[in-house]
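Data block below; observations after.
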Amino acid sequence: MHEVAITEEVVAIACERAQGARVRRIVMEIGRLSTVLPDAVRFCFDLCAEGTAAEGATLEIREVDGVARCRVCSASVALTQPFGYCVCGNTELDWISGDELKVILMEVY
Ligand SMILES: [Zn+2]
């Protein structure tokens, strides 16, 4: 469960940016190609946030599709899972995005 470490990191980033204010809401993006399970992050968020400025905050997770480029025809391919194939039939794809994990928005009060 590396989600615990990731969630602790998200809480730490949010608290640091809040600069002493209370965090009301955190919106993060998790790429569908990452190995992070959004449900697991949601599950441990409350525990990780306990005792910090983010305690009681709402966590919103947006899952984003990945994008890859076909090595044969250079077409871009949308990926919802770590593997897939191009319309040309090729399965050799280079990931362009989709394994990212970032805090995109937060509200403080
Ligand atoms: Zn192709």
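What the table below lists for this structure:
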| quantity | calculated |
| --- | --- |
| Spacing of the two label points (7 Å from each Cα toward its C-beta) at Leu105 and Glu63, in nm | 2.0 nm |
| Karplus-derived 3J(HN,Hα), 6.51/-1.76/1.60, for each residue of the range 59-70, Hz, glycine and proline x | 10, 10, 10, 9, 8, 10, 5, x, 10, 10, 10, 6 |
| Rounded to 5, percent antiparallel among DSSP beta bridges of the range 31-108 | 90 percent |
| Shape metrics for the chain, restricted to C-alpha atoms - Rg then Dmax, Å | 16.8, 53 |
| Angle between the chain longest axis and helix 38-49 axis [Cα atoms, degrees, rounded to 10] | 20 degrees |
| The range 41-65-the range 9-27 distance, computed between alpha-carbon centres (Å) | 10 Å |
| Residue among Val36, Ala21, Thr58 farthest towards the positive dipole end of the range 7-82, charges placed on Cβ | Val36 |
| Charge dipole (debye, nearest 20) of the range 54-93; +1 at Cβ of Lys and Arg, -1 at Cβ of Asp and Glu | 300 debye |
| Label-point separation in nm, Tyr85 to Ala21, each point 7 Å along Cα→Cβ | 5.1 nm |
| With Cα atoms, 0 to 90° folded angle of helix 3-18 axis to the chain main axis | 60 degrees |
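Just so you know, all these numbers are worked out from the coordinates, no wet-lab data involved. A quick note: this is a predicted structure, and the numbers were derived from the prediction, not measured. Cβ sites come from the backbone with ideal geometry, for glycine too, and all protein chains shown count toward neighbours.
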